[in-house]
Structures are given as structure tokens and as C-alpha cells.
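These notes concern the structure reproduced below.
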Amino acid sequence: MDSEKGVTESKDFHTDPTKDGNGDSTLLQEQTNTSLPDEELHHKATYIPTGTAADLPQEHRDYLIKRHGTIELDPIPSDDPADPYNWPSWKKLANLVLVAFHAMMTTFIAAGIIPAFGPISEALGCSVTRASYLTSLQIAVLGWAPLFWRPIANRYGRRPVWLISTLGSMLFNIGCAKSTTYSSLAVCRAFTSFFISPAIAIGSGVVTETFFKKERGRYMGIWTLLVTLGPPSGPFFMGFVAYHVGFVWIFWINAIINGVQFILYLFLGPETRYIRRGISNRGSAFKQEYLSFRRIDPSPLHPREFIEPLFLARHMAILIPSISYSIVFGFASVLVTVEIPQLFLPKFGFNPQEIGLQFLGIIIGSIIGEQLSGPLSDWFMGARAKKLGPGRKPQPEYRLWLSYAGFLLAMVGLIVFGVRTAQAPMMHWNVTPIVGIAIAGAGNQIVTTVLVTYAVDCHLEHAASIGVFVNVIRSTWGFIGPFWFPNMFDSIGVAGSGGLMAGLIFIAGWVPIMFQQWMGQRWREGGKNGQVAT
């Protein structure tokens, strides 16, 4: 039972924040010799280096062997049942599903009204293009709101943030359902986006806080898959709602889902923020995980922390993958969701339900892509580690080979979508453009999982902040896109646009990743020697 340990004190190497498992003052040396901000150093205290395993107290070693069957773990957990690394698998997975579904709901809510742009424009007396800005607005808020939530979640824990997030989103979704003007609906949509936003960015940190390194590719893939499924699944399901009971029920259903999320978090969403060094973790495991609504991290909260993730741009292993991924996401996810009504409504005369069905392609493609990225990514790295021999691990750059298939699939899929949409006769729909969307969706999911996992592997100390930074880049690009996508279609046609997008993905996405793979290890090692800031 998780509550088997009534009172847990931090022992030995994690009682004194200046000592590691050998009793040496390595952490103190880090604080003296490094130029990293104090806040970043403090987050390193949530991990116990793998090298300390041989020097653990016997009681700690016995606990780990009993719980995990080995001490060859990366990272090394504490001997506290409340430590998320020591949770049973069902609890880790249940919590991950809740957080990943929460991340999906951020974009699900934003994109859910896409099939109803026509009815919304009629009800509010605005154009279809202006109605589409209700989605663009939420994308913009989703990009920047997590900058606020991240420091709060670091100090007071993830669990309070999840509860406040779902409750606030529920209330403002009710406000959306009650809105009768464009301006009131836009305001309620913005606040809904603000409250629902934390999981889309902090989720990557939750994966790192609960799963060992060898498992991260697979479980990071679950989170990234649901993030990717948000934009197409929202329109797919809500198209039926808008057609049969009216678009107002989209908001009521969103509110009901948020309420159910709140209840599930109460019972299945334990606290994953756990500091293993310099903090005495007191109380039963149950109390620590579910009832301790307190300040977990005692370090001072500085205003700079609210923009701290933006400074991750100095790390090439984070900046380049973030930009490359965002380019692919902007075309293979945002464009094919936001622009389908504006392309298919005049060409095929679809109703909201028929518009929603077009998103089935990207859902299927994303699921297939995840099967080719998450488990395969972990297997790929594991196979390389076996080949290198005991005690040697592959460099994170080795994982990037898998992203090449993702870039290629995204490019091919967008070309198929653009060409076949242009070739389709007026009022004669065929499935081939949706096949292109599915191919692009598979490529997008492969790129997503591989590049996000790579960035986290390179900078584990920034795991939670990486999600925030990636989200800022992705959402900002996603917000800008809908303002120029229609002009692109008008200027060079849908077929030409498919070719242009493929070219941009190659130049701005694939080529930089090739360069990162070539130079990444050198940059990181140079940074350790003070030569290059990576």
C-alpha cells in the first residue's frame, strides 16, 4: 500500500542539499561554478543522479529492490512511497491519461466550433472568417497563458493547478453557452482558454516526474498524441452536435466534460511534484499525494520566473526542435483543421456534420503515427544501447533519425491534400484529400513525439519548462497561420499551396534537424566546458 510509510524523512544524500550519495559537495560545487539561475538549480534537486546508486544506504537499496526489482534505475527514486517514481503502474498511467486528456481538451475546445463557423456567423451577424477568429484567439491564449501557470505549479504543485484549471474552464464554458454577442463570446472563449491551458505545456514535465527514462518515449507519446488529437477530434465530434442540437450545445458539453475532469482529478490525480533533495517530505503517502495543498517548493518566487521558459531559446537542443516541430504542426494540424470549412463549404456545400467527418483522416493518421514513434523510439534507443555495451548510452541525437520519416510523410501528405482538393470537381467529393490529411497527420505525430522527447532528454532539468516553451512557439505560429493561409490559397491555389508547405517543412523543419543531429553533441559538450551556450 502507498500509505505503508507513515512519516518519511529525507535521508543521507537528499537531506543535505550540498551533498550527493558519496557525501561529496557536488551540488554545492554546481551552485558555485555554474552560471545557471538558482531556480534552475533548485529543480535539479528533484532528481537523484544515477551514479549514486552504489552508495545508497542499505535500507534504501532494499526498498528499491523490493519495489522495482533492481537499483539500476534512471533516475534513482527516493525510498518514499509518495515518490511518483515508486507508484504502481496503474496509478502512473491513470494520472498520465488524465493529464494527457486535459492537454487534448485545450485544443479540443479551441477547435470544436470549427464545423459551426457557418451557424455561428449567422447567429452573431458576422462573416465566416470573423467566426474563425474565435478559434485563432484561443490558440493565441493557449500559447502564452502557461507562462503564468508554470511557476504556480512548481511552487504549489500540479494537483491544485489541475483542479483550478478544470473548474475555471467549466464556468467560462457556461458563459460561452449563455453569450448572445460576438464580443461576449470572444471574452468567455479567451478566459476558457486561459484556465484550460496548463496541461498543454506542463504535461511533458509530468511524464518526466513519473516515468523512468527508458519509458519516456512511449509515455511522452501518449501525451503528445492526445495534444495532436485535440484539433481534429474537437470538430469531428462537435460537428454532430452542431448539426443535430445546435452549436450552443458545444459549449454545454465542454462544460460537462470539464466538470467530470474535476471530479476525476479529485480521486485519480495525485500530486507529481516531488523534491528529493533539501526537503523533508512528511506525512503518509496518501496525505502527501491528495491532501497536502501547501507550498511544495519553498524557494522564493521571482517575477522573472513567469518568463523563464522563454530563455530556453539559448539552448539549441530545445530551440531547433521546437521550431521544426511547430512548422510541421502549423501545416499538418492547424491548417488542415481551421481551413477545411473555408475550402470545403463552398466547393462541396457540406453541413456541420459533414464538415466534422473530414477530420477522421487526421485522427487515424495521428494514431498510426504514434505507433511508429513512441514505442519504436524507445526500442530504437534501447537497441542502440545494447549494441554499445554495458555502461554506455547512446547520445540523444541518435533518436532524431526517426524524425526523418515524419518530415517526409508530412510533406507527402500535404501535397496529396492540396493537389487532390484542387482536382476535385465542384460538388463532387472524394476521399483522396482526406487520405493526404491522414498521411500528414502520421508524419506530424512522429515529429512531435521524437523531437519533444529529444529536447527533454538533452535538458532533463528543464522538463516542465520545455513543454511551456514548445507551446509558446507552436501556438504563436498556429495563431498567425489562419490570417495568411486564405491569401496563400487565393494567390497560388490549393495545389500550389501543398507544394509550398512541403518546401517550407523541408527548409525550415527537416534541414535544421539534420544540422542539430550533426552538431548537437558538440554544442552540448562545448556548453559544459563554457565554450558554447547550448
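The values are calculated or read from the model by the stated rules, or taken from the named source; none is laboratory data. Note that this is a predicted model, so its numbers are computed, not measured. Note: ideal-geometry Cβ built from the backbone for every residue, glycine included; neighbour counts use all protein chains shown. Note: accessible area is taken over every heavy atom of the protein model, side chains too, but ligands, DNA and RNA are not part of it. Shrake-Rupley method; radii C 1.70, N 1.55, O 1.52, S 1.80 Å.
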**Item:** Breaking point among (1) over 19 Å from SER475 (Cβ atoms); (2) in contact with a Pro (Cβ under 9 Å, 6 or more places away or on another chain); (3) open to solvent by less than 30 Å² (accessible area, probe 1.4 Å); (4) not charged (D, E, K, R), for THR129
**Value:** (3)
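Could you run through the stretch 111-130 and say how many residues are within 14 Å of VAL248 (Cα to Cα) and part of a helix (DSSP H, G or I)? Step through it out loud before you land on a result.
The first filter runs over the stretch 111-130 and keeps only residues within 14 Å of VAL248 (Cα to Cα), leaving 112-124.
Now restrict to residues that are part of a helix (DSSP H, G or I): 114-124.
Of the residues in that region, 11 qualify.
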**Message:** Please go through (1) of a type in the set (Gly, Ala, Ser); (2) open to solvent by 10 Å² or more (accessible area, probe 1.4 Å); (3) part of a loop (DSSP other than H, G, I, E, B) for ALA82 and return the number of the only condition it doesn't satisfy.
**Reply:** (2)
**Output for the stretch 353-369, where each listed residue is open to solvent by less than 10 Å² (accessible area, probe 1.4 Å) and part of a helix (DSSP H, G or I)** = ILE355, GLY356, GLY361, ILE362, GLY365, SER366, GLY369
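Taking the condition out of contact with any Gly (no Cβ under 6 Å at 6 or more places or on another chain) and modelled with pLDDT of 85 or more, does HIS43 pass? Show your work before the answer.
Working: out of contact with any Gly (no Cβ under 6 Å at 6 or more places or on another chain): yes; modelled with pLDDT of 85 or more: no.
No; evaluated as a whole, the condition is false for this residue.
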**Some residue of the stretch 497-520 being in a helix (DSSP H, G or I), at pLDDT below 90, small (Gly, Ala, Ser) and in contact with a helix residue (DSSP H, G or I) (Cβ under 9 Å, 6 or more places away or on another chain)** = yes
**Complete:** The residue from ARG399, ARG384, ARG420 that alone is open to solvent by 70 Å² or more (accessible area, probe 1.4 Å), of a type in the set (Lys, Arg) and either modelled with pLDDT under 85 or not assigned by the TED database to the domain that holds MET514 (or both) is ARG384
**Fill in**
Among GLY493, GLY413, the single one that is assigned to a helix (DSSP H, G or I), open to solvent by 10 Å² or more (accessible area, probe 1.4 Å) and at pLDDT 90 or above is GLY493
**Item:** Given (1) under 16 Å from the mean Cα position of the chain (by Cα); (2) at pLDDT below 90, number of the condition PHE212 does not satisfy
**Value:** (1)
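To keep it simple, each residue is scored yes or no on (1) without any contact (Cβ under 8 Å) to a residue 24 or more places away in the chain; (2) touching a strand residue (DSSP E or B) at 6+ places or on another chain (Cβ under 9 Å); (3) under 15 Å from THR228 (Cα atoms).
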{"position": "ASP297", "(1), (2), (3)": "no, no, no"}
{"position": "PRO303", "(1), (2), (3)": "yes, no, no"}
{"position": "LEU310", "(1), (2), (3)": "no, no, no"}
{"position": "ALA317", "(1), (2), (3)": "no, no, no"}
{"position": "PRO321", "(1), (2), (3)": "no, no, no"}
{"position": "SER326", "(1), (2), (3)": "no, no, yes"}
{"position": "PHE329", "(1), (2), (3)": "no, no, yes"}
{"position": "VAL334", "(1), (2), (3)": "no, no, yes"}
{"position": "THR337", "(1), (2), (3)": "no, no, yes"}
